[in-house]
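K.L.:
Structure in structure tokens, see below.
The values are calculated or read from the model by the stated rules, or taken from the named source; none is laboratory data. For clarity, every value in this text was computed on a predicted model and none was experimentally measured. Here the Cβ is made from the backbone with ideal geometry for all residues, glycine too, and neighbour counts use every protein chain on show.
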Amino acid sequence: MQPEFSADEIQAAARGFGLDPDPKELESMDGVVAELLADYEVLDRAPAEPAVPARPGGRPDNDQNPFFGWSWVGQVESASNGPLAGVEVAIKDTVSLAGTPMLNGSAFLEGFVSEVDATIVTRLIEAGATIRGKTAVPAFCFEGAGITGYPEPFPVNPRDPGRMPGASSSGSAVLVAAGVVDHAIGGDQGGSIRIPASWCGCVGHKPTFGLVPYTGVFPIEMTLDSVGPMGKDVTAVARLLEVLAGPDGLDPRQTGGERGYRLASLGDDPSGLKVGLLEEGFGIGDTPRPDVDEAVRAAADGLTDLGIKLSEVSVPDHHDGVAIWNLICIQGATELFESAGLHSNRRGLYPVDIGRFMAGHRDRADLLPDTLKATLVAGRLVTDRYGLEPYARAQNQALGLRQAYDRALEEVDVLVMPTTPMTAPPLPDLSQAGETETIVEAIGLDSARNVAPFNVSGHPSISIPCGQDEQGLPIGLMVVGRWYEDATVLRVARAIEKIAEKRVS
């Protein structure tokens, strides 16, 4: 690679920075620029990329796609006799699986084939897991209802086909809740593991930010990106987390050193732990659901029988969490998209295959989902007028939000609240309005009000079923813990699960 630029191109670039070089300055600049660019030839000496493996599989026919949860199916088996030997796992179609397509729910990516395995794929295979396929998601994972995507039909909530499945890890939640698989991988930037887990009635864990490497997963906003396990129960989630957690040396999101998770800790006695009901997490949204709040409180009350101490905790800043998240996402996601995921000023492994494809297909922009189009326009408008100052200020507020939760977690070991303030809403009629208007009218940001703040703060949080409403729809309870204390979060979740099991028996 040896880039060369004309004098006119150099002058235009200079003017972009408010410079106006005269002919003599331009001539001098031309020589210096050429010298600076000479070293680009080093890129031609980089080692050749390894060959992309051929992996059999393809898109399933509708009659072979239960609840339309699959995007791609094909057995990727392991020869290892590791801790996940015999375990079948579904992975979200944002996770790179070399030699297989990644659509990320959008026709924009039609034709893209991943060239590498994500770190978590490598870890699953090395641990003995069989990857059954990739799960369907809404377009670019840019909505939380689960009512968009490509190709149609979209994933169907197995609890009630007339209800939203939640998103963006909709396919993963649907397949687990329907019993097609017991283990799955989801991604979570603003609740995308926990919302569908809540509405479909399975377990979904957003790990501490950076605990599980995001390397090889399609990014949205680097300070919000998380990937984590989903499963039929807490034990299934814990089994996956033990294999997935820990640094890979490639993901700049990982800053915590040699952090991991031990499955054995799930069996530790929970007595003596302190649980705080987060006051601001109840009675929220435009139409609060007392039955949801009551189910969560009742499940938490049962913990006292196990020697767990229960109290009320207040974090007033919680109410601002979803707004801070929104501001970070608007400009952060816009900047990342404009750079095709290859923005500078960070270390780590770059998704060059994704970036090359995205940059080479900008003529497909009209295929982007309406939600992403609106976000990109909003992000560009704000950046053009104010620069990145609003983003920077929102990130500074994010620090304060984390500190507020940290202070509360000095008094208790975990926080408990409803995952979402409602059960799965009815499917809207998309024929009556555009996607964005329909989603905003149907759920707005209410479904994210409890989950998104913990993407901002980075705290680990898990959603588990704790009951049903009068229509038999699952109610999700969320447990939140201190940074890197995922083990405590899962212990409390397992305790709640045990209480529910006793009630059923």
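K.L.:
Quickly run through region 472-501 and pick out the residues that are among the small types (G, A, S), within 19 Å of N450 (Cβ to Cβ) and outside any helix (DSSP H, G or I). It would help to see each step written out before you state the result.
P.N.:
Applying the first criterion (among the small types (G, A, S)) to region 472-501 yields 472, 476, 481, 487, 493, 495, 500.
From what's left, within 19 Å of N450 (Cβ to Cβ): 476, 481, 493.
Within region 472-501, G476, G481 meet the criteria.
K.L.:
Same structure, new question: Is it true that some residue in region 40-54 is touching a Pro at 6+ places or on another chain (Cβ under 9 Å), under 30 Å from G146 (Cβ atoms) and of a type in the set (S, T, Y)?
P.N.:
Looking for residues that are touching a Pro at 6+ places or on another chain (Cβ under 9 Å), under 30 Å from G146 (Cβ atoms) and of a type in the set (S, T, Y), one finds none in region 40-54, hence no.
K.L.:
Also: Looking at this structure, is V296 in contact with a helix residue (DSSP H, G or I) (Cβ under 9 Å, 6 or more places away or on another chain) and within 26 Å of G400 (Cβ to Cβ)?
P.N.:
No, not satisfied.
K.L.:
When D61 is evaluated against the numbered criteria (1) within 26 Å of the chain's Cα centre (by Cα); (2) surrounded by fewer than 18 Cβ atoms within 10 Å (Cβ to Cβ), which criterion, by number, is the only one it fails?
P.N.:
Failed condition: (1).
Okay, residues lined up against (1) touching a helix residue (DSSP H, G or I) at 6+ places or on another chain (Cβ under 6 Å); (2) of a type in the set (D, E, K, R):
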{"site": "L273", "(1), (2)": "no, no"}
{"site": "R289", "(1), (2)": "no, yes"}
{"site": "V292", "(1), (2)": "no, no"}
{"site": "G302", "(1), (2)": "yes, no"}
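K.L.:
I'd like to verify a number: residues in region 330-352 that are touching a residue at least 40 places away in the same chain (Cβ under 8 Å) and within 19 Å of G210 (Cα to Cα), how many?
P.N.:
9
K.L.:
Still on this structure, I have one more. Can A340 be described as within 19 Å of L109 (Cα to Cα), surrounded by 14 or more Cβ atoms within 10 Å (Cβ to Cβ), at pLDDT below 95 and of a type in the set (A, V, I, L, M)?
P.N.:
Criteria met by A340.
K.L.:
Next question, about the same structure. Kindly indicate whether any position in region 69-85 is part of a helix (DSSP H, G or I) and either within 24 Å of the chain's Cα centre (by Cα) or not assigned by TED's automatic domain parsing to the domain that holds D160 (or both).
P.N.:
Residues of region 69-85 part of a helix (DSSP H, G or I): none.
No; the residues of region 69-85 include none that is part of a helix (DSSP H, G or I) and either within 24 Å of the chain's Cα centre (by Cα) or not assigned by TED's automatic domain parsing to the domain that holds D160 (or both).
K.L.:
Could I ask something else about it? When only residues in region 409-460 that are among the acidic types (D, E) and in a helix (DSSP H, G or I) count, which is modelled with the lowest pLDDT? Reasoning before the result, please.
P.N.:
From region 409-460, those among the acidic types (D, E) are 410-411, 413, 429, 435, 437, 441, 446; that's our starting set.
Among the residues that remain, those that are also in a helix (DSSP H, G or I) are: 410-411, 435, 437, 441, 446.
Values: E410: 99, E411: 98, E435: 59, E437: 61, E441: 55, D446: 91.
The extreme case among them is E441.
K.L.:
On to the next question. Go through region 60-77 and give me each residue that's modelled with pLDDT of 95 or more, of a type in the set (S, T, N, Q) and under 19 Å from V121 (Cβ atoms).
P.N.:
S71, the sole residue that qualifies.
K.L.:
Count, please, the residues in region 156-173 that happen to be outside any loop (DSSP other than H, G, I, E, B) and buried (at least 24 other Cβ atoms within 10 Å of the Cβ).
P.N.:
Within region 156-173, residues that are outside any loop (DSSP other than H, G, I, E, B) and buried (at least 24 other Cβ atoms within 10 Å of the Cβ) number 4.
K.L.:
Does region 238-282 hold any residues that are surrounded by fewer than 18 Cβ atoms within 10 Å (Cβ to Cβ), in a loop (DSSP other than H, G, I, E, B) and of a type in the set (S, T, N, Q), and which are they?
P.N.:
T255, S271, listed by residue number.
K.L.:
Mind listing just one residue for me: the one in region 96-113 that is touching a Gly at 6+ places or on another chain (Cβ under 7 Å) and crowded, with 23+ Cβ neighbours inside 10 Å and, of those, nearest to A51 (Cα to Cα)?
P.N.:
Among them, the one singled out is T100.
Here is a yes/no grid of residues against (1) within 22 Å of R55 (Cβ to Cβ); (2) assigned to a helix (DSSP H, G or I):
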| residue | (1), (2) |
| --- | --- |
| F154 | no, no |
| L175 | yes, yes |
| G186 | yes, no |
| S192 | no, no |
